[in-house]
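Structure, as structure tokens:
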Amino acid sequence: MSKMTKRSFIAFTLVLTMVCSLAFQYQVKAGGGYDFVENLVQGIESDGTVTPGKTLSIQVADLEKSCSGFKKGYDAGQIKVYWDVNGERLTPTYDSGVFTQKVRYEDAGKSYCFFVLGSYQGENYNNNTRSYPVNANPYAKEESKGSIDISIDSKGIATVTGTLTAGDATFKYVWVDNKNRFEVSGKSFKKTIDTKNFDIGYHELSAELTDGTEIQYPKVFPTAIYEKPALKITNFETYPKKLIFTTPNYNGYKYDYYLQVKKAGEKWDKAKLYGSFDSYVPKVINSLKPGTKYVFRAVYTKKTKYGGKEYYFAGPKSGEVTVKTGPKAKPPIQSIRISKAVTSKHWVKPKYEGLKLVAEGFWVTDTTYTVTIKMKKKPGVAGIYVHSSSNSPLYQYIKGNKKVYKCKFRVGGKAIGKNATVQVYAKGNKTYGCYSPTYKKKVKIKR
């Protein structure tokens, strides 16, 4: 090599070294010629497209060290980092040097690009930053996701709510057991439903979306009996060891009617259950103790099936009714006397329908007399019932708490000198009876 050639080479080397040194310094300070983008972490498919719903992640160089103007985030000082989709700038999420952007479903068919832009001492640079044009899959569809919930108050009014967390669809219907449909709309809803008209038991709840997706409530919800049965003290008639009960306001087409019974002073967990009372026909409850206070309350129940199993639902309890069974002892009778007996005849007139004779007239012989009942003491009752004739089932009621009771009877035929069986029992309570056992005695009919 000639001396000129050597000198020229040495000079060229010194100049190149100075240029490279300046270029490296400029690269570190301002990013000129620096490749910020290091790695596409995830999101791009093998064919260069991305699927809507997936996330694009770009790993960049340590910008805080590379450029003094960059601190944190995507836009600080001299550095701007963003995703672009067909000219629309999107704000990415930044974390530890990774910029992420979820590909939107509405951008199907568009192009996503990643940009890092900056400036140093008034000069802009972007010639060495990477861009990733990617085409969103136009056939992709976001799966609809969401949930529904239900709560029911004490009056049977249900509040159904729903919220969608993913997908472009909206709510369309709420279904109960796939047969009761209620219209709803939007990405979220709140619907009030009266469940009192539903069958008693367990029910399934679901929601239908505008894209046909079904969202199922993860449990079954129960519908209860909200009606409270009526119960009054006038529905009871008590005797020493039993009571007769007549069902009030019976709703037998929908529910079964049961009575809970306990002794006064006991807790309800000791109560016995009687029923089902399925009509207005009086029912007898036996095996009670005489002279004892009992407390009653009523409840509607319903048997239903779900999932192959039987379940019993009970509604709210009625108000409580307290009654007392009749006494064990018969009325404290000292004596019974039949007197003032009179036998007489009287004519029963014939009966006509228009001018037609339908029944002949006839003579009737009967006997009237007075029954006098004397007590050992006042029995402490509302009154007594007296019966004294074998040819009449009727009792006479004499009200009051007395020491002496009197009543008159008329019997057929000539009865003077014959015996009559007198039956007496007391009524201890004006409302529900509280009847005593029956006292019986044969007494001679006298004038």
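The values are calculated or read from the model by the stated rules, or taken from the named source; none is laboratory data. Not measured: the values here are computed from a predicted model. For neighbour counting, all protein chains shown are included, and Cβ atoms are generated from backbone atoms with ideal geometry for every residue, glycine included. Accessible surface areas use protein heavy atoms only, side chains included; no ligands, DNA or RNA. Shrake-Rupley method; radii C 1.70, N 1.55, O 1.52, S 1.80 Å.
Take region 271-304 and flag every residue that is of a type in the set (D, E, K, R) and either free of Cβ contacts under 8 Å to residues at least 24 places away in the same chain or out of contact with any helix residue (DSSP H, G or I) (no Cβ under 9 Å at 6 or more places or on another chain) (or both). Result: K272, D278, K283, K289, K293, K302, K303.
Pairs meeting the criteria (first residue in region 143-155 and farther than 13 Å from I193 by Cα, second residue of a type in the set (G, A, S) and part of a strand (DSSP E or B), beta carbons under 6 Å, at least 6 apart or on different chains) are K145/A166; I148/G162; I148/A207.
Residues that are open to solvent by less than 40 Å² (accessible area, probe 1.4 Å), in a strand (DSSP E or B), of a type in the set (F, W, Y) and within 17 Å of V443 (Cβ to Cβ) do not occur anywhere in region 383-395.
Among the residues of region 164-195, those identified as loosely packed, with under 14 Cβ neighbours inside 10 Å and touching a residue at least 24 places away in the same chain (Cβ under 8 Å) are A166, N178, K190, T192, D194. Has region 430-444 got at least one residue that is in contact with a Cys (Cβ under 7 Å, 6 or more places away or on another chain) and at pLDDT 95 or above? Within region 430-444, not a single residue is in contact with a Cys (Cβ under 7 Å, 6 or more places away or on another chain) and at pLDDT 95 or above.
Of all the residues in region 393-431, those that are polar (S, T, N, Q), out of contact with any strand residue (DSSP E or B) (no Cβ under 7 Å at 6 or more places or on another chain) and without any contact (Cβ under 8 Å) to a residue 24 or more places away in the chain number 1. From T247, T325, T301, T234, which residue is more than 28 Å from K430 (Cβ to Cβ) and among the polar types (S, T, N, Q)? The unique qualifying residue is T301.
Here V371 meets each of (1) over 25 Å from the mean Cα position of the chain (by Cα); (2) assigned to a strand (DSSP E or B); (3) farther than 30 Å from A420 by Cα; (4) at pLDDT 95 or above with one exception, condition (3). Tell me, yes or no, whether region 235-251 has at least one residue that is open to solvent by 60 Å² or more (accessible area, probe 1.4 Å) and either hydrophobic (A, V, I, L, M, F, W, C) or farther than 30 Å from S279 by Cα (or both). No. Just so you know, in region 132-161 the residues that are small (G, A, S) and either modelled with pLDDT of 90 or more or open to solvent by 60 Å² or more (accessible area, probe 1.4 Å) (or both) include one that is farthest from the chain's Cα centre (by Cα), and it is G146. Among the residues making up region 258-299, those that are aromatic (F, W, Y), open to solvent by less than 40 Å² (accessible area, probe 1.4 Å) and at pLDDT 90 or above are Y294, F296. Residues in region 61-97 that are in a strand (DSSP E or B), out of contact with any strand residue (DSSP E or B) (no Cβ under 6 Å at 6 or more places or on another chain) and either open to solvent by less than 50 Å² (accessible area, probe 1.4 Å) or modelled with pLDDT of 70 or more (or both): A76, E88, Y94, D95. Across region 376-392, the qualifying residues are those that are among the basic types (K, R) and in contact (Cβ under 8 Å) with a residue 40 or more places away in the chain, and the one among them that is farthest from D366 (Cα to Cα) is K377.
Looking across region 328-373, the residues that are free of Cβ contacts under 8 Å to residues at least 24 places away in the same chain and either surrounded by 15 or more Cβ atoms within 10 Å (Cβ to Cβ) or aliphatic (A, V, I, L, M) (or both) come down to V348, L355, L357, V358, A359. Residues in region 152-181 that are closer than 12 Å to Y217 by Cα and of a type in the set (G, A, S): 1 in all. Could you say whether any residue in region 211-219 is among the basic types (K, R), modelled with pLDDT of 95 or more, farther than 30 Å from S111 by Cβ and not in a loop (DSSP other than H, G, I, E, B)? Looking through region 211-219, none of the residues is among the basic types (K, R), modelled with pLDDT of 95 or more, farther than 30 Å from S111 by Cβ and not in a loop (DSSP other than H, G, I, E, B). Whether a residue is within 21 Å of T247 (Cα to Cα), among the charged types (D, E, K, R) and assigned to a strand (DSSP E or B) was assessed, and R297 passes this test.
Total residues in region 308-327 satisfying the condition of being open to solvent by 100 Å² or more (accessible area, probe 1.4 Å) and modelled with pLDDT of 95 or more: the figure is 1. Summed over region 196-218, the residues that are within 13 Å of the chain's Cα centre (by Cα) and either open to solvent by 30 Å² or more (accessible area, probe 1.4 Å) or not aliphatic (A, V, I, L, M) (or both) give a count of 8. I'm told H346 meets every condition in (1) part of a strand (DSSP E or B); (2) modelled with pLDDT of 95 or more except one. Can you identify the failing condition by its number? Answer for H346: the failing condition is (2).
How many residues does region 300-341 contain that are closer than 20 Å to H387 by Cβ, part of a strand (DSSP E or B) and aliphatic (A, V, I, L, M)? So the count comes out to 4.
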